[in-house]
1. Can you tell me which condition B:LEU29 does not meet? The list is (1) assigned to a helix (DSSP H, G or I); (2) touching a helix residue (DSSP H, G or I) at 6+ places or on another chain (Cβ under 6 Å), and all the others hold.
2. How about the stretch B:69-104: which of its residues are more than 30 Å from A:GLY75 (Cβ to Cβ) and more than 9 Å from chain A (Cβ to nearest Cβ)?
3. Among what's in the stretch B:105-115 and is surrounded by 18 or more Cβ atoms within 10 Å (Cβ to Cβ) and in contact (Cβ under 8 Å) with a residue 24 or more places away in the chain, pick the residue that is nearest to the other protein chains (Cβ to nearest Cβ).
4. Looking at the stretch B:116-125 only, could you name the residues that are facing chain A (nearest Cβ under 7 Å) and either at positive phi or not hydrophobic (A, V, I, L, M, F, W, C) (or both)?
5. Taking A:ARG363 as meeting all but one of (1) surrounded by fewer than 24 Cβ atoms within 10 Å (Cβ to Cβ); (2) assigned to a helix (DSSP H, G or I), write down the number of the exception.
6. Do any strands (runs of 3 or more DSSP E) entirely within the stretch A:1-83 hold 2 or more residues that are surrounded by 14 or more Cβ atoms within 10 Å (Cβ to Cβ) and within 24 Å of the chain's Cα centre (by Cα), and if so, which?
7. Using the structure shown, decide if A:ALA200 is more than 23 Å from the chain's Cα centre (by Cα), of a type outside the set (Val, Ile, Thr) and more than 9 Å from chain B (Cβ to nearest Cβ).
8. Would you call B:LYS68 over 25 Å from the mean Cα position of the chain (by Cα) and either surrounded by fewer than 19 Cβ atoms within 10 Å (Cβ to Cβ) or under 25 Å from A:VAL142 (Cβ atoms) (or both)?
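The values are calculated or read from the model by the stated rules, or taken from the named source; none is laboratory data. A quick note: this is a predicted structure, and the numbers were derived from the prediction, not measured. Using ideal geometry, Cβ is built from the backbone for each residue, glycine included, and neighbour counts are taken over all protein chains shown.
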Amino acid sequence: MITESTSQLPVLLPAGMMIAAIVAVATGAWRPAVARWVAVVATAVGTVACGIGLAQVIDGQTLTATIGGWAAPIGIGYRFDALSGFIATLVCFMGLLVVLYPPKVGFGLSNDRGMPIHALVLLLLTGLLGVTMTADLFNLFVFLEIYSIAAYSLIALGGPLAALAAFRYLIIGTIGSSLYLLGVGFVYFTTGTLSMAQAADRLAEVADSPTVIAAVVLMVVGIATKMALFPLHVWLPDAHSHAPPAGAALLASVQVKVAAYALIRITFEVVPPELLDEFPLLTILTVFGLAGVMFGSFMAIRQTDFKRMLAYSTVAQLGYIGIGIGLDTPLALVGALLLVLNHAFMKGTMFFVAGSVYSATGRKSIEAFAGLGRRMPWTMVGFTVAAGVDGRAAPHRRVLFQVLPGAGCRRRCQRLGMGGGCGGGGVQPAHPHVLFAGSRSHLVQTRPRRRRRPRV
Amino acid sequence: MSDLFSFVETRYVYLFVVALLGIGLWAVLVERHLIKKLVGLTIFQTAIFMFFIEGSVKTGADVPVIDKAAGSDPALYVNPLPHVLMLTGLVVAVAVLGVALSLAVVIHKAFGTLDDDELTERKRAS
(Lines give C-alpha, C1' and ligand atoms only; values in the text may rest on other atoms or scores of the structure.)
Protein backbone atom coordinates (compact mmCIF):
# COMPACT_ATOMS: atom_id res chain seq x y z
CA MET A 1 0.00 0.00 0.00
CA ILE A 2 1.54 3.27 -1.03
CA THR A 3 0.28 6.13 1.02
CA GLU A 4 1.34 9.74 0.96
CA SER A 5 1.48 12.11 3.85
CA THR A 6 2.65 15.67 4.14
CA SER A 7 5.80 16.41 6.07
CA GLN A 8 8.35 19.19 5.93
CA LEU A 9 11.24 16.74 6.40
CA PRO A 10 12.23 16.49 2.70
CA VAL A 11 12.58 20.28 2.49
CA LEU A 12 14.15 20.75 5.89
CA LEU A 13 17.00 18.32 5.25
CA PRO A 14 18.67 20.17 2.31
CA ALA A 15 17.60 23.57 3.64
CA GLY A 16 19.05 22.80 7.07
CA MET A 17 22.34 21.70 5.52
CA MET A 18 22.44 24.89 3.46
CA ILE A 19 21.86 27.05 6.55
CA ALA A 20 24.55 25.07 8.39
CA ALA A 21 26.92 25.74 5.48
CA ILE A 22 26.31 29.49 5.74
CA VAL A 23 26.77 29.39 9.53
CA ALA A 24 29.98 27.39 9.00
CA VAL A 25 31.35 30.07 6.66
CA ALA A 26 30.60 32.80 9.19
CA THR A 27 31.98 30.94 12.20
CA GLY A 28 34.88 29.57 10.16
CA ALA A 29 36.12 33.10 9.58
CA TRP A 30 36.09 33.58 13.35
CA ARG A 31 37.18 30.16 14.74
CA PRO A 32 37.63 27.22 12.34
CA ALA A 33 37.20 24.75 15.21
CA VAL A 34 33.69 26.10 15.80
CA ALA A 35 32.86 25.63 12.11
CA ARG A 36 33.86 22.00 12.50
CA TRP A 37 31.48 21.56 15.40
CA VAL A 38 28.72 23.22 13.40
CA ALA A 39 29.35 20.64 10.67
CA VAL A 40 29.42 17.76 13.17
CA VAL A 41 26.15 18.86 14.77
CA ALA A 42 24.47 19.47 11.39
CA THR A 43 25.44 16.09 9.95
CA ALA A 44 24.59 14.27 13.20
CA VAL A 45 21.15 15.90 13.35
CA GLY A 46 20.73 15.14 9.64
CA THR A 47 21.61 11.47 10.19
CA VAL A 48 19.15 11.15 13.07
CA ALA A 49 16.40 12.96 11.14
CA CYS A 50 16.97 10.75 8.09
CA GLY A 51 16.96 7.66 10.30
CA ILE A 52 13.66 8.64 11.92
CA GLY A 53 12.18 9.49 8.53
CA LEU A 54 13.42 6.20 7.09
CA ALA A 55 11.82 4.24 9.93
CA GLN A 56 8.56 6.01 9.10
CA VAL A 57 8.60 5.36 5.35
CA ILE A 58 10.19 1.91 5.28
CA ASP A 59 6.78 0.25 4.78
CA GLY A 60 6.15 2.02 1.49
CA GLN A 61 4.85 5.38 2.69
CA THR A 62 5.94 8.60 0.98
CA LEU A 63 6.44 11.90 2.75
CA THR A 64 5.82 14.81 0.39
CA ALA A 65 6.42 18.50 0.84
CA THR A 66 5.59 21.51 -1.27
CA ILE A 67 7.20 24.91 -1.33
CA GLY A 68 5.36 28.21 -1.23
CA GLY A 69 1.94 26.62 -0.86
CA TRP A 70 1.77 25.37 -4.46
CA ALA A 71 1.03 21.66 -4.78
CA ALA A 72 3.38 19.40 -6.74
CA PRO A 73 2.55 19.69 -10.47
CA ILE A 74 2.66 23.51 -10.30
CA GLY A 75 5.09 24.09 -7.44
CA ILE A 76 8.32 22.21 -6.79
CA GLY A 77 7.65 18.92 -5.05
CA TYR A 78 9.96 17.18 -2.58
CA ARG A 79 9.50 13.62 -1.49
CA PHE A 80 11.04 11.26 1.00
CA ASP A 81 10.32 7.60 0.34
CA ALA A 82 12.17 4.43 1.28
CA LEU A 83 14.67 4.76 -1.60
CA SER A 84 15.52 8.41 -1.06
CA GLY A 85 15.50 7.87 2.72
CA PHE A 86 18.06 5.10 2.37
CA ILE A 87 20.36 7.23 0.21
CA ALA A 88 19.87 10.34 2.37
CA THR A 89 20.73 8.47 5.57
CA LEU A 90 23.87 7.14 3.94
CA VAL A 91 24.81 10.64 2.70
CA CYS A 92 24.37 12.23 6.13
CA PHE A 93 26.19 9.44 7.93
CA MET A 94 29.18 9.50 5.58
CA GLY A 95 29.19 13.30 5.92
CA LEU A 96 29.34 12.90 9.71
CA LEU A 97 32.28 10.49 9.44
CA VAL A 98 34.12 12.87 7.11
CA VAL A 99 33.75 15.89 9.39
CA LEU A 100 34.77 13.80 12.40
CA TYR A 101 37.95 12.74 10.60
CA PRO A 102 40.73 15.16 11.64
CA PRO A 103 40.77 18.04 9.10
CA LYS A 104 44.56 18.22 9.23
CA VAL A 105 44.84 14.66 7.97
CA GLY A 106 41.71 14.65 5.87
CA PHE A 107 42.31 17.84 3.94
CA GLY A 108 46.01 18.44 4.45
CA LEU A 109 45.27 21.75 6.17
CA SER A 110 46.01 22.80 9.68
CA ASN A 111 42.97 23.21 11.89
CA ASP A 112 43.43 26.91 12.47
CA ARG A 113 43.71 28.06 8.89
CA GLY A 114 40.63 29.99 7.82
CA MET A 115 39.80 27.66 4.95
CA PRO A 116 36.04 27.03 4.86
CA ILE A 117 36.39 23.29 4.22
CA HIS A 118 33.51 22.37 6.48
CA ALA A 119 31.27 24.84 4.71
CA LEU A 120 32.23 23.13 1.43
CA VAL A 121 31.45 19.69 2.87
CA LEU A 122 28.08 20.95 4.07
CA LEU A 123 27.38 22.53 0.68
CA LEU A 124 28.22 19.21 -0.99
CA LEU A 125 25.79 17.46 1.36
CA THR A 126 23.14 20.12 0.60
CA GLY A 127 23.37 19.32 -3.08
CA LEU A 128 23.39 15.57 -2.53
CA LEU A 129 20.37 15.68 -0.21
CA GLY A 130 18.59 17.99 -2.65
CA VAL A 131 19.10 15.55 -5.51
CA THR A 132 17.79 12.76 -3.28
CA MET A 133 14.67 14.64 -2.16
CA THR A 134 13.53 16.56 -5.21
CA ALA A 135 10.65 15.40 -7.41
CA ASP A 136 11.24 18.07 -10.04
CA LEU A 137 13.42 17.66 -13.12
CA PHE A 138 14.85 21.18 -13.22
CA ASN A 139 15.37 21.30 -9.48
CA LEU A 140 17.45 18.14 -9.87
CA PHE A 141 19.71 20.01 -12.29
CA VAL A 142 20.18 22.89 -9.84
CA PHE A 143 21.12 20.53 -7.00
CA LEU A 144 23.44 18.57 -9.32
CA GLU A 145 25.30 21.80 -9.97
CA ILE A 146 25.33 22.83 -6.28
CA TYR A 147 27.04 19.62 -5.25
CA SER A 148 29.32 19.71 -8.29
CA ILE A 149 30.58 23.21 -7.45
CA ALA A 150 31.34 22.07 -3.90
CA ALA A 151 33.01 18.93 -5.26
CA TYR A 152 35.26 20.87 -7.67
CA SER A 153 36.43 23.09 -4.80
CA LEU A 154 36.99 20.15 -2.44
CA ILE A 155 39.06 18.30 -5.03
CA ALA A 156 41.15 21.39 -5.74
CA LEU A 157 42.24 21.52 -2.07
CA GLY A 158 44.61 18.64 -2.79
CA GLY A 159 47.31 20.80 -4.42
CA PRO A 160 48.25 21.96 -7.96
CA LEU A 161 47.73 18.57 -9.62
CA ALA A 162 44.38 18.33 -7.89
CA ALA A 163 43.46 21.77 -9.23
CA LEU A 164 44.19 20.50 -12.74
CA ALA A 165 42.12 17.37 -12.12
CA ALA A 166 39.30 19.53 -10.73
CA PHE A 167 39.43 21.78 -13.79
CA ARG A 168 39.12 18.84 -16.15
CA TYR A 169 36.35 17.35 -14.05
CA LEU A 170 34.60 20.73 -14.14
CA ILE A 171 34.68 20.82 -17.95
CA ILE A 172 33.33 17.28 -18.33
CA GLY A 173 30.87 17.62 -15.46
CA THR A 174 29.43 20.86 -16.82
CA ILE A 175 29.02 19.37 -20.30
CA GLY A 176 27.24 16.45 -18.63
CA SER A 177 24.83 18.58 -16.65
CA SER A 178 24.22 20.83 -19.68
CA LEU A 179 23.22 17.76 -21.69
CA TYR A 180 20.86 16.83 -18.87
CA LEU A 181 19.42 20.36 -18.98
CA LEU A 182 18.90 20.05 -22.74
CA GLY A 183 17.07 16.77 -22.15
CA VAL A 184 14.88 18.47 -19.54
CA GLY A 185 14.14 21.17 -22.14
CA PHE A 186 12.95 18.50 -24.59
CA VAL A 187 10.75 16.99 -21.88
CA TYR A 188 9.36 20.38 -20.90
CA PHE A 189 8.48 21.42 -24.44
CA THR A 190 6.90 18.02 -25.12
CA THR A 191 4.87 17.71 -21.93
CA GLY A 192 4.68 21.23 -20.49
CA THR A 193 5.65 20.08 -17.03
CA LEU A 194 8.76 19.61 -14.92
CA SER A 195 7.26 17.46 -12.19
CA MET A 196 8.69 13.94 -12.49
CA ALA A 197 5.38 12.17 -11.88
CA GLN A 198 3.37 14.34 -14.27
CA ALA A 199 6.09 14.24 -16.94
CA ALA A 200 6.09 10.42 -16.73
CA ASP A 201 2.31 10.29 -17.27
CA ARG A 202 2.42 12.64 -20.24
CA LEU A 203 5.54 11.07 -21.77
CA ALA A 204 3.81 7.68 -21.74
CA GLU A 205 1.25 9.05 -24.21
CA VAL A 206 3.90 10.09 -26.73
CA ALA A 207 6.47 7.41 -25.95
CA ASP A 208 7.31 6.58 -29.56
CA SER A 209 8.19 10.10 -30.73
CA PRO A 210 11.86 10.73 -31.58
CA THR A 211 11.83 13.84 -29.38
CA VAL A 212 11.16 11.72 -26.30
CA ILE A 213 13.94 9.29 -27.23
CA ALA A 214 16.32 12.24 -27.70
CA ALA A 215 15.25 13.69 -24.35
CA VAL A 216 15.79 10.40 -22.55
CA VAL A 217 19.17 9.82 -24.17
CA LEU A 218 20.35 13.34 -23.29
CA MET A 219 19.20 13.04 -19.67
CA VAL A 220 20.72 9.60 -19.20
CA VAL A 221 24.03 10.58 -20.80
CA GLY A 222 24.16 13.70 -18.61
CA ILE A 223 23.53 11.80 -15.38
CA ALA A 224 25.85 8.96 -16.41
CA THR A 225 28.63 11.53 -16.84
CA LYS A 226 28.03 12.74 -13.28
CA MET A 227 27.94 9.13 -12.11
CA ALA A 228 31.15 8.31 -14.04
CA LEU A 229 29.66 5.28 -15.76
CA PHE A 230 32.14 3.83 -18.27
CA PRO A 231 33.07 5.29 -20.81
CA LEU A 232 32.18 8.68 -19.26
CA HIS A 233 34.38 7.97 -16.24
CA VAL A 234 37.48 9.75 -17.63
CA TRP A 235 37.39 12.48 -14.98
CA LEU A 236 37.13 10.14 -12.01
CA PRO A 237 40.58 8.52 -11.59
CA ASP A 238 42.43 11.86 -11.57
CA ALA A 239 39.85 13.69 -9.48
CA HIS A 240 39.59 11.01 -6.81
CA SER A 241 43.28 10.21 -6.60
CA HIS A 242 44.45 13.83 -6.27
CA ALA A 243 41.64 15.01 -3.99
CA PRO A 244 42.46 15.26 -0.28
CA PRO A 245 41.67 11.91 1.40
CA ALA A 246 38.55 13.01 3.29
CA GLY A 247 37.23 14.74 0.18
CA ALA A 248 37.91 11.64 -1.89
CA ALA A 249 36.16 9.51 0.75
CA LEU A 250 33.04 11.66 0.50
CA LEU A 251 33.14 11.83 -3.30
CA ALA A 252 33.68 8.10 -3.83
CA SER A 253 31.30 6.92 -1.14
CA VAL A 254 28.28 9.14 -1.73
CA GLN A 255 28.68 11.68 -4.55
CA VAL A 256 28.77 9.24 -7.47
CA LYS A 257 26.13 7.11 -5.71
CA VAL A 258 23.70 9.99 -5.59
CA ALA A 259 24.12 10.41 -9.33
CA ALA A 260 23.41 6.67 -9.65
CA TYR A 261 20.29 7.24 -7.56
CA ALA A 262 19.23 10.04 -9.93
CA LEU A 263 19.76 7.62 -12.82
CA ILE A 264 17.48 5.07 -11.10
CA ARG A 265 14.79 7.72 -10.60
CA ILE A 266 14.98 8.94 -14.20
CA THR A 267 15.07 5.47 -15.77
CA PHE A 268 12.29 3.90 -13.73
CA GLU A 269 10.05 6.82 -12.81
CA VAL A 270 10.27 9.31 -15.68
CA VAL A 271 11.13 7.26 -18.77
CA PRO A 272 7.91 5.58 -19.98
CA PRO A 273 8.10 1.75 -19.77
CA GLU A 274 6.83 1.52 -23.38
CA LEU A 275 9.94 3.36 -24.49
CA LEU A 276 12.17 0.96 -22.56
CA ASP A 277 10.59 -1.86 -24.57
CA GLU A 278 11.21 -0.08 -27.86
CA PHE A 279 14.56 1.48 -27.24
CA PRO A 280 17.46 -0.61 -25.85
CA LEU A 281 18.40 1.90 -23.13
CA LEU A 282 18.71 -0.70 -20.38
CA THR A 283 20.72 -3.03 -22.58
CA ILE A 284 23.14 -0.19 -23.32
CA LEU A 285 23.48 0.54 -19.59
CA THR A 286 24.18 -3.14 -18.91
CA VAL A 287 26.79 -3.40 -21.67
CA PHE A 288 28.61 -0.26 -20.54
CA GLY A 289 28.33 -1.42 -16.94
CA LEU A 290 30.02 -4.70 -17.86
CA ALA A 291 32.70 -2.89 -19.83
CA GLY A 292 33.25 -0.58 -16.85
CA VAL A 293 33.62 -3.53 -14.47
CA MET A 294 36.26 -5.13 -16.68
CA PHE A 295 38.11 -1.92 -17.49
CA GLY A 296 38.01 -0.62 -13.91
CA SER A 297 39.18 -3.90 -12.40
CA PHE A 298 41.94 -4.27 -14.97
CA MET A 299 43.21 -0.74 -14.46
CA ALA A 300 42.94 -1.07 -10.67
CA ILE A 301 45.22 -4.11 -10.65
CA ARG A 302 47.83 -2.23 -12.67
CA GLN A 303 48.09 0.82 -10.39
CA THR A 304 50.96 1.32 -8.00
CA ASP A 305 49.51 4.36 -6.23
CA PHE A 306 47.06 3.31 -3.52
CA LYS A 307 44.52 6.11 -4.01
CA ARG A 308 44.61 5.71 -7.78
CA MET A 309 43.89 2.02 -7.42
CA LEU A 310 40.91 2.90 -5.22
CA ALA A 311 39.70 5.37 -7.85
CA TYR A 312 39.78 2.77 -10.63
CA SER A 313 38.08 0.28 -8.34
CA THR A 314 35.29 2.88 -7.93
CA VAL A 315 34.89 2.87 -11.73
CA ALA A 316 34.44 -0.91 -11.57
CA GLN A 317 31.91 -0.68 -8.73
CA LEU A 318 29.91 1.93 -10.62
CA GLY A 319 29.88 -0.53 -13.51
CA TYR A 320 28.22 -3.08 -11.21
CA ILE A 321 25.64 -0.48 -10.20
CA GLY A 322 25.05 0.27 -13.91
CA ILE A 323 24.46 -3.46 -14.54
CA GLY A 324 22.08 -3.59 -11.58
CA ILE A 325 20.04 -0.75 -13.08
CA GLY A 326 20.25 -2.10 -16.63
CA LEU A 327 18.99 -5.60 -15.78
CA ASP A 328 15.66 -4.10 -14.69
CA THR A 329 14.49 -6.62 -12.12
CA PRO A 330 13.65 -5.86 -8.49
CA LEU A 331 16.42 -8.16 -7.26
CA ALA A 332 19.05 -6.61 -9.53
CA LEU A 333 18.09 -3.18 -8.23
CA VAL A 334 18.31 -4.42 -4.64
CA GLY A 335 21.74 -5.81 -5.47
CA ALA A 336 22.81 -2.46 -6.90
CA LEU A 337 21.54 -0.61 -3.81
CA LEU A 338 23.26 -3.05 -1.46
CA LEU A 339 26.43 -2.41 -3.41
CA VAL A 340 25.88 1.34 -2.95
CA LEU A 341 25.79 0.85 0.83
CA ASN A 342 28.64 -1.61 0.94
CA HIS A 343 30.90 0.33 -1.40
CA ALA A 344 30.23 3.59 0.48
CA PHE A 345 31.59 2.12 3.72
CA MET A 346 34.38 0.19 2.04
CA LYS A 347 35.71 3.01 -0.11
CA GLY A 348 35.21 5.58 2.66
CA THR A 349 37.31 3.49 5.04
CA MET A 350 39.94 2.89 2.36
CA PHE A 351 40.40 6.60 1.70
CA PHE A 352 40.53 7.30 5.45
CA VAL A 353 43.26 4.65 5.74
CA ALA A 354 45.09 6.21 2.79
CA GLY A 355 44.93 9.61 4.50
CA SER A 356 46.14 8.32 7.86
CA VAL A 357 49.00 6.37 6.29
CA TYR A 358 50.09 9.33 4.19
CA SER A 359 50.02 11.79 7.06
CA ALA A 360 51.86 9.42 9.43
CA THR A 361 54.48 8.03 7.05
CA GLY A 362 54.25 9.93 3.75
CA ARG A 363 53.69 6.65 1.88
CA LYS A 364 51.48 6.52 -1.16
CA SER A 365 52.41 3.48 -3.24
CA ILE A 366 51.12 0.02 -2.45
CA GLU A 367 54.60 -1.52 -2.18
CA ALA A 368 55.58 1.02 0.46
CA PHE A 369 52.72 -0.21 2.62
CA ALA A 370 54.81 -3.24 3.61
CA GLY A 371 55.27 -3.45 7.35
CA LEU A 372 52.61 -0.89 8.13
CA GLY A 373 50.70 -3.49 10.12
CA ARG A 374 53.30 -3.11 12.85
CA ARG A 375 53.54 0.63 12.78
CA MET A 376 49.85 1.44 12.49
CA PRO A 377 48.04 -1.69 13.68
CA TRP A 378 44.59 -0.11 14.16
CA THR A 379 44.63 1.65 10.81
CA MET A 380 45.55 -1.55 9.05
CA VAL A 381 42.88 -3.47 10.97
CA GLY A 382 40.44 -0.96 9.49
CA PHE A 383 41.96 -1.59 6.08
CA THR A 384 41.62 -5.35 6.40
CA VAL A 385 38.06 -5.14 7.66
CA ALA A 386 37.12 -2.86 4.77
CA ALA A 387 38.75 -5.20 2.26
CA GLY A 388 36.95 -8.10 3.96
CA VAL A 389 33.61 -6.29 3.79
CA ASP A 390 34.14 -6.00 0.09
CA GLY A 391 34.81 -9.71 -0.22
CA ARG A 392 31.89 -10.51 2.03
CA ALA A 393 29.56 -8.49 -0.14
CA ALA A 394 30.41 -10.48 -3.21
CA PRO A 395 27.51 -12.87 -2.50
CA HIS A 396 25.11 -9.93 -2.78
CA ARG A 397 26.46 -9.23 -6.18
CA ARG A 398 26.22 -12.90 -7.08
CA VAL A 399 22.57 -12.66 -6.08
CA LEU A 400 22.36 -9.89 -8.59
CA PHE A 401 23.46 -12.22 -11.34
CA GLN A 402 22.31 -15.68 -10.40
CA VAL A 403 18.75 -15.15 -9.31
CA LEU A 404 18.03 -13.25 -12.49
CA PRO A 405 17.02 -15.94 -14.96
CA GLY A 406 14.20 -16.92 -12.63
CA ALA A 407 13.05 -13.41 -11.93
CA GLY A 408 11.06 -13.02 -15.11
CA CYS A 409 12.89 -10.09 -16.61
CA ARG A 410 12.86 -9.06 -20.23
CA ARG A 411 14.25 -11.74 -22.49
CA ARG A 412 16.98 -9.58 -23.96
CA CYS A 413 18.21 -8.67 -20.51
CA GLN A 414 17.99 -12.28 -19.44
CA ARG A 415 20.50 -13.32 -22.03
CA LEU A 416 22.73 -10.44 -21.06
CA GLY A 417 22.19 -11.27 -17.40
CA MET A 418 23.59 -14.73 -17.91
CA GLY A 419 26.44 -13.32 -19.94
CA GLY A 420 26.94 -10.88 -17.10
CA GLY A 421 26.93 -13.76 -14.65
CA CYS A 422 29.82 -15.38 -16.49
CA GLY A 423 31.68 -12.10 -16.91
CA GLY A 424 31.01 -11.09 -13.34
CA GLY A 425 32.08 -14.50 -12.12
CA GLY A 426 35.38 -14.02 -13.91
CA VAL A 427 36.03 -10.52 -12.68
CA GLN A 428 34.61 -11.10 -9.23
CA PRO A 429 37.55 -13.02 -7.77
CA ALA A 430 39.91 -10.41 -9.18
CA HIS A 431 38.32 -7.54 -7.39
CA PRO A 432 38.78 -8.41 -3.71
CA HIS A 433 42.26 -9.49 -4.70
CA VAL A 434 42.99 -5.98 -5.88
CA LEU A 435 41.99 -4.71 -2.50
CA PHE A 436 43.89 -7.40 -0.72
CA ALA A 437 46.97 -6.68 -2.80
CA GLY A 438 48.07 -4.06 -0.31
CA SER A 439 47.50 -6.24 2.72
CA ARG A 440 49.08 -9.23 1.02
CA SER A 441 52.22 -7.38 0.10
CA HIS A 442 52.30 -6.30 3.72
CA LEU A 443 52.04 -9.88 4.94
CA VAL A 444 54.66 -11.14 2.54
CA GLN A 445 57.12 -8.36 2.93
CA THR A 446 57.07 -7.88 6.68
CA ARG A 447 59.57 -10.64 7.17
CA PRO A 448 62.69 -9.01 5.70
CA ARG A 449 61.74 -5.82 7.47
CA ARG A 450 61.47 -7.57 10.79
CA ARG A 451 64.94 -8.98 10.31
CA ARG A 452 66.33 -5.60 9.46
CA ARG A 453 64.79 -3.77 12.35
CA PRO A 454 66.98 -5.02 15.30
CA ARG A 455 70.11 -3.96 13.43
CA VAL A 456 69.01 -0.38 12.87
CA MET B 1 13.27 21.99 -52.36
CA SER B 2 10.54 24.28 -51.10
CA ASP B 3 10.11 21.82 -48.21
CA LEU B 4 13.69 22.40 -47.26
CA PHE B 5 13.26 26.15 -47.50
CA SER B 6 10.18 26.17 -45.33
CA PHE B 7 11.94 23.89 -42.84
CA VAL B 8 14.90 26.26 -42.66
CA GLU B 9 12.57 29.25 -42.47
CA THR B 10 10.53 27.93 -39.57
CA ARG B 11 13.25 26.07 -37.72
CA TYR B 12 16.32 28.16 -38.42
CA VAL B 13 16.75 29.00 -34.73
CA TYR B 14 17.13 25.30 -33.92
CA LEU B 15 19.78 24.93 -36.62
CA PHE B 16 21.53 27.91 -35.06
CA VAL B 17 21.33 26.27 -31.61
CA VAL B 18 22.71 22.99 -32.95
CA ALA B 19 25.55 24.89 -34.66
CA LEU B 20 26.37 26.70 -31.40
CA LEU B 21 26.33 23.40 -29.48
CA GLY B 22 28.75 21.98 -32.04
CA ILE B 23 31.08 25.00 -31.89
CA GLY B 24 31.09 24.89 -28.09
CA LEU B 25 31.79 21.17 -27.93
CA TRP B 26 34.49 21.51 -30.58
CA ALA B 27 36.24 24.21 -28.57
CA VAL B 28 36.06 22.16 -25.38
CA LEU B 29 37.45 19.03 -27.01
CA VAL B 30 39.98 20.42 -29.48
CA GLU B 31 41.29 23.73 -28.18
CA ARG B 32 44.46 23.38 -26.14
CA HIS B 33 44.24 26.55 -24.08
CA LEU B 34 42.21 26.08 -20.90
CA ILE B 35 40.58 29.51 -21.14
CA LYS B 36 39.48 28.74 -24.71
CA LYS B 37 37.95 25.54 -23.37
CA LEU B 38 35.99 27.66 -20.92
CA VAL B 39 34.87 29.94 -23.76
CA GLY B 40 33.66 26.83 -25.59
CA LEU B 41 31.84 25.67 -22.47
CA THR B 42 30.10 29.04 -22.18
CA ILE B 43 29.04 28.90 -25.84
CA PHE B 44 27.68 25.39 -25.26
CA GLN B 45 25.63 26.51 -22.26
CA THR B 46 24.42 29.65 -24.04
CA ALA B 47 23.14 27.49 -26.89
CA ILE B 48 20.98 25.60 -24.40
CA PHE B 49 19.64 28.87 -22.95
CA MET B 50 18.77 30.00 -26.50
CA PHE B 51 16.96 26.70 -27.03
CA PHE B 52 14.76 27.30 -23.99
CA ILE B 53 14.09 30.92 -24.94
CA GLU B 54 13.23 29.98 -28.53
CA GLY B 55 10.90 27.25 -27.33
CA SER B 56 8.86 29.74 -25.32
CA VAL B 57 8.51 32.48 -27.94
CA LYS B 58 4.89 33.62 -28.32
CA THR B 59 3.93 36.32 -30.79
CA GLY B 60 1.38 38.88 -29.69
CA ALA B 61 1.71 38.03 -26.01
CA ASP B 62 2.58 40.35 -23.18
CA VAL B 63 4.60 40.13 -19.97
CA PRO B 64 2.96 37.67 -17.56
CA VAL B 65 1.38 40.25 -15.26
CA ILE B 66 -2.39 40.03 -15.49
CA ASP B 67 -3.84 43.19 -16.98
CA LYS B 68 -7.40 43.79 -15.71
CA ALA B 69 -8.48 45.36 -19.01
CA ALA B 70 -7.13 42.54 -21.20
CA GLY B 71 -8.44 39.68 -19.07
CA SER B 72 -6.74 36.44 -18.03
CA ASP B 73 -6.69 34.55 -21.34
CA PRO B 74 -3.43 32.48 -21.32
CA ALA B 75 -2.84 33.28 -25.01
CA LEU B 76 -2.26 36.92 -24.10
CA TYR B 77 0.66 36.26 -21.79
CA VAL B 78 4.09 34.75 -22.24
CA ASN B 79 4.84 31.61 -20.22
CA PRO B 80 7.27 32.90 -17.59
CA LEU B 81 8.57 29.47 -16.52
CA PRO B 82 11.22 28.83 -19.23
CA HIS B 83 12.57 32.35 -18.73
CA VAL B 84 12.84 31.87 -14.99
CA LEU B 85 14.49 28.49 -15.51
CA MET B 86 17.10 30.09 -17.74
CA LEU B 87 17.67 32.85 -15.21
CA THR B 88 18.50 30.11 -12.72
CA GLY B 89 20.57 28.36 -15.36
CA LEU B 90 22.54 31.54 -15.96
CA VAL B 91 23.27 31.93 -12.25
CA VAL B 92 24.48 28.33 -12.11
CA ALA B 93 26.62 28.84 -15.22
CA VAL B 94 28.20 32.01 -13.79
CA ALA B 95 28.99 30.24 -10.50
CA VAL B 96 30.61 27.32 -12.33
CA LEU B 97 32.57 29.72 -14.53
CA GLY B 98 33.78 31.57 -11.44
CA VAL B 99 35.07 28.34 -9.88
CA ALA B 100 36.67 27.36 -13.21
CA LEU B 101 38.49 30.68 -13.55
CA SER B 102 39.79 30.52 -9.99
CA LEU B 103 41.05 26.98 -10.68
CA ALA B 104 42.74 28.32 -13.83
CA VAL B 105 44.49 30.94 -11.67
CA VAL B 106 45.73 28.21 -9.31
CA ILE B 107 46.93 26.10 -12.25
CA HIS B 108 48.74 29.04 -13.84
CA LYS B 109 50.44 29.91 -10.56
CA ALA B 110 51.60 26.34 -10.03
CA PHE B 111 52.64 25.35 -13.58
CA GLY B 112 53.17 28.69 -15.34
CA THR B 113 51.10 27.59 -18.33
CA LEU B 114 47.52 27.01 -19.34
CA ASP B 115 48.32 24.81 -22.36
CA ASP B 116 46.54 21.51 -21.97
CA ASP B 117 49.17 19.32 -23.68
CA GLU B 118 52.00 20.91 -21.73
CA LEU B 119 50.06 20.44 -18.48
CA THR B 120 49.60 16.76 -19.29
CA GLU B 121 53.36 16.45 -19.80
CA ARG B 122 54.09 18.24 -16.52
CA LYS B 123 51.65 15.95 -14.77
CA ARG B 124 53.42 12.87 -16.14
CA ALA B 125 56.78 14.24 -15.11
CA SER B 126 55.79 14.86 -11.52
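1. (2)
2. B:LEU101
3. So, considering only residues that are surrounded by 18 or more Cβ atoms within 10 Å (Cβ to Cβ) and in contact (Cβ under 8 Å) with a residue 24 or more places away in the chain, the one nearest to the other protein chains (Cβ to nearest Cβ) is B:ILE107.
4. Within the stretch B:116-125, just B:LYS123 meets the criteria.
5. A:ARG363 satisfies all of (1) surrounded by fewer than 24 Cβ atoms within 10 Å (Cβ to Cβ); (2) assigned to a helix (DSSP H, G or I) except (2).
6. A:62-66, A:77-80
7. yes
8. So B:LYS68 fits the description; yes.
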